[in-house]
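S.K.: Got a structure here, written out as structure tokens. Questions coming.
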Amino acid sequence: MTNEKQNGLAVRELTLRAILLGGVLTLAFTAANVYLGLKVGLTFATSIPAAVISMALLRYMSGATILENNIVQTIASAAGTLAAIIFVLPGLVMVGYWQGFPMLETTAITMLGGILGVLFSVPLRRALVVDADLPYPEGRAAAEVLHVGAASAEGAAENKAGLSALLWNSLISAGFALLAQMKLAAAEVSRWFKVGAGATGISGGLGFALFGVGHLVGLSVGLAQLVGLVVGWWILLPILTQGVAGPDAETIANTVFRDDVRFFGAGVIAVAALWTLLKIAGPVIGGIRSAMAASKARHAGTALAVEEQDIAIGWVFGGSLLILLPIAWLLWSVLAGGPLAGSAAILIAGALVFVIVIGLMIASVTGYMAGLIGASNSPVSGIGILAIIASSLLLVGLLGRGGGAEASAAMVAYALIVTGIVFGIATISNDNLQDLKTGQLVGATPWKQQVALIIGVVFGSLVVPPVLNVLNETVGFVGVPGAGPNALAAPQAGLISSLAKGVLGGDLNWAMLGCGALAGVGFIIVDELLGRAKKLRLPPLAIGIGIYLPMAVILPVVIGAVGGWFYDRWADRRANPAFAHRMGVLTATGMIVGESLFGVLYAGLVYATDSDAPLAVVGDGFHVPSILVGAGLFVVLILTSYARTRKAVETTA
């Protein structure tokens, strides 16, 4: 099982050591992504750092191969991406259905949806990886990293420089986060003010993770998010807050943003996602036909090329149907003994059809978006918005509204759990096709990589629940009783649970959703015109994200995108531009990993000490100096970090 023959020689691929190393990296990357996603509503792609670490470690072992390293990054990447399930599951705590995250149910929701995502991605690989001309930026970058690492001693030197950049930036990122928790450096700078009878402001987080995310998403997405920020905070908010009463400008602005502006952004995302689905329907159908033809040829005795050897389509269909059995059990366990138990049969049947039909559609959309703009940039949470609205409307259609407060609460929880399963499909499909593109470029065997993806799903599903429980019991979530001052915003989970309650309660903010949908049509037209004119595009999905995420999150991402653009222009002029670009990616990735892992460790410290600020060494009186220290140190460290990376590029080339 572990070897494939190339040029007459056995090449290690799906090996035990690759699986174990992928599992170890899973612990770090999944925990980091869970924390980052709950804090700022964004996650990062783990394939490139996993590939670099894998090559740095496996090169000391005999017989290490590029295909083995590819398996490591595949497992770690799948597990790290599955952490995006936190965009849905915390909603069950926010609505009061769960008090914590039960291990069995949380693991089952995450794992079952993730495995379905892997199976759905098998025919999609042909449609969106083999037959489609999509860039897959992270998939290609990971393949380049693997190729260089396997090529020569020069590759070893570049790997060493890359690992150094990753570790250095992780350390300064974690160090700055430590100073912020000591209250010696501010974590955010903001200014709120009145605009006529309305209110708005400017706010930016001083966090390396957000800056690093900006570098990775690139200028096109960064500027699109800037457009969303301007529309949401400096156009809509001053208009919608006119005459609204409140104690101060900050309270007024944040209240109206939460109640109205975010729904406008959700409307933009919904229309943009539907547009994407329409554009890729044809290629997806063609991919399924191609997979069936390959399966027929295999059964006829035809020898398939390595790149054609997917998991057999019969196993895909059979496995997908088989997975429905434990999903049905999970849904029954949720309904049994509750106010909806009498309607369990129709609710379970409707949910299973929903998971298969909507899940396949969503897998297609997210896979296409990953190929177009990368897994890090793909707004999977926007797909979650569509899924929760659709699942809630399904429940309204099956049971209607009413039935009392207990029944309504149970319907909200059921909609969130069904959406959680579908969201697992979305997150994995979003990542899998990126990994499969890497595999295509390095000559991997598709079915072995697909097995590795399933292993990654299993690993990630076991890591997510305990991390969620530690964070819930220590810092909590914004809006949940008992949450501390450092409570995690979990913005997508809050929005998705609000949408479920709105649809099922009949009081959803349809007006703002409708206005956002109309604006989304306009943004699509503008983006298409820019594309035809061969100008820098402004993806409508990114604009929608810029509207509905807090400014403190979006602004540093925009600044990071601009900073990354300047670095990339410099990298283009180097003797080895590919290596220079990879060093930039690893620099940004280190910024994300360091702060995120510190966040998980800090949550554990809060839990152990039963204190909301266990590291604070100064009080509120140091607030103003902390702003000066934080802003100044942040700028100095960013400049120092990029200067160090540039020097490493020059001396290694």
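S.K.: To the nearest 10 square angstrom, how much accessible area does residue 581 have with a 1.4 angstrom probe?
M.R.: Counting only protein heavy atoms, the figure is 50 Å².
S.K.: Roughly speaking, to the nearest percent, how much of segment 485-551's 1.4 Å accessible area is carbon and sulfur?
M.R.: On the way: 1790 of 2700 Å².
With neighbouring chains kept in place, the figure for segment 485-551 is 66 percent.
S.K.: While we're on this one: Let a ≥ b ≥ c be the square roots of the eigenvalues of the Cα gyration tensor of segment 407-513; is it rounded (a/c under 1.5), or, if not, prolate (a/b larger than b/c) or oblate? Present the calculation step by step, with values, prior to reporting the outcome.
M.R.: Details: a/c = 2.61, a/b = 1.71, b/c = 1.53.
It comes out prolate by the Cα gyration axes.
S.K.: Which of (i) 69, 62, 61; (ii) 76, 64, 56; (iii) 82, 60, 48 is the computed Cα extents along the principal axes in Å for the structure on display?
M.R.: Of the listed options (i) 69, 62, 61; (ii) 76, 64, 56; (iii) 82, 60, 48, (ii) comes from this structure.
S.K.: To the nearest 10 square angstrom, how much accessible area does residue 248 have with a 1.4 angstrom probe?
M.R.: 70
S.K.: Could you calculate the FRET efficiency of residue 322 with residue 160 from 1/(1 + (r/R0)^6), where r is the beta carbon distance between them and R0 is 45 Å, rounded to 0.05?
M.R.: Details: r = 46 Å, r/R0 = 1.02.
It comes out at approximately 0.50.
S.K.: Okay, next question. Helix-only estimate, please: 222 nm mean residue ellipticity of the chain, summing -39500 (n - 2.57) across DSSP H runs of length 4 or more and dividing by its residues, to the nearest 500. Each step should come with its number before you reach the end.
M.R.: Values: 22 runs with 471 residues, N = 653.
Result for the chain: -25000 deg cm²/dmol, rounded to the nearest 500.
S.K.: Per-residue HN-Hα couplings for segment 411-416, Karplus 6.51 cos²θ - 1.76 cosθ + 1.60 at θ = phi - 60°, whole Hz, x for Gly and Pro?
M.R.: Couplings: 5, 4, 5, 5, 4, 5 Hz.
S.K.: Would you mind checking which residues have amide H under 5 Å from residue 188's amide H? H placed 1.01 Å from N; only 5 or more apart, or other chain.
M.R.: 206
S.K.: I've got another one for you. Ignoring ligands, DNA and RNA, what accessible area per residue does the chain give at 1.4 Å, in Å²?
M.R.: Details: 24160 Å² over 653 residues.
I get 37 Å² per residue for the chain.
S.K.: In nm, to one decimal, how far is the residue 529 label point from the residue 197 one, both placed 7 Å along Cα→Cβ?
M.R.: Roughly 3.4 nm, to one decimal.
S.K.: Would you please give the residues with an amide H less than 5 Å from that of residue 11, counting only those at least 5 places away or on a separate chain, with H modeled from the backbone geometry?
M.R.: Placed amide hydrogens put 4, 5, 6 under 5 Å from residue 11.
S.K.: What list of ³J(HN,Hα) couplings, whole Hz, do you get for segment 624-636 from phi and the Karplus terms 6.51, -1.76, 1.60, once you set θ to phi - 60° and write x for glycine and proline?
M.R.: 5, x, 5, 5, 5, 5, x, 5, x, 5, 4, 5, 4
S.K.: A further question on this structure: Give me the percent of the accessible area of segment 394-467 that comes from carbon and sulfur atoms, probe 1.4 Å, all protein chains in place. Let's see the in-between values first.
M.R.: Numbers: 1160 of 1710 Å².
Answer for segment 394-467: carbon and sulfur cover 68 percent of the accessible area.
S.K.: Can you give me the long-range amide H partners of residue 101? Hydrogens built in the peptide plane at 1.01 Å from N, cutoff under 5 Å, separation of 5 or more residues or another chain.
M.R.: none
S.K.: Relative to the present Cα-Cα distance, how much length would full extension add between residue 406 and residue 329 at 0.36 nm per residue of separation? Working shown, then result.
M.R.: Details: separation 77, 0.36 × 77 = 27.72 nm, distance 2.22 nm.
Length gained between residue 406 and residue 329: 25.5 nm.
S.K.: Could you state how much accessible area residue 582 has, in square angstrom rounded to the nearest 10, with a 1.4 Å probe and all protein chains kept in place?
M.R.: 20
S.K.: Using the Karplus equation 6.51 cos²θ - 1.76 cosθ + 1.60 (θ = phi - 60°), what ³J(HN,Hα) coupling, rounded to whole Hz, does each residue of segment 551-565 give in order, writing x for Gly and Pro?
M.R.: 4, 4, 8, 6, 4, x, 5, 4, 4, x, 5, 5, x, x, 5
S.K.: Additional query: With +1 assigned to the C-beta of every Lys and Arg and -1 to the C-beta of every Asp and Glu, and no other charges, what is the dipole magnitude of the chain about the Cα centre in debye, to the nearest 20? Walk me through the numbers on the way to the answer.
M.R.: Details: 33 positive and 32 negative charges, 226 e Å.
The dipole of the chain has a size of about 1080 debye.
S.K.: Which pairs, out of 296/448; 437/647; 437/534; 160/437, put more than 28 Å between their alpha-carbon atoms? Walk me through the numbers on the way to the answer.
M.R.: Values: 296/448 20 Å; 437/647 31 Å; 437/534 25 Å; 160/437 25 Å.
Too far apart for the 28 Å limit: 437/647.
S.K.: Something else about it: Which FRET efficiency value, to the nearest 0.05, is calculated for residue 616 and residue 255 with the Förster distance at 41 angstrom and r the Cβ-Cβ distance? Mind dumping the intermediate values first?
M.R.: Working: r = 28 Å, r/R0 = 0.69.
Here the calculated transfer efficiency is 0.90.
S.K.: Moving on. How much of the accessible area of segment 189-277, in percent, comes from carbon and sulfur atoms when a 1.4 Å probe is used?
M.R.: Values: 2090 of 3120 Å².
Whole-percent figure for carbon plus sulfur exposure: 67.
The values are calculated or read from the model by the stated rules, or taken from the named source; none is laboratory data. Fair warning: this is a prediction, and the values are worked out from it, not measured in the lab. Note that we place each Cβ from the backbone using ideal geometry, even for glycine, and neighbour counts take in every protein chain shown. Heads up: the accessible areas ignore ligands, DNA and RNA and are worked out on the full protein's heavy atoms, side chains in. Shrake-Rupley method; radii C 1.70, N 1.55, O 1.52, S 1.80 Å.
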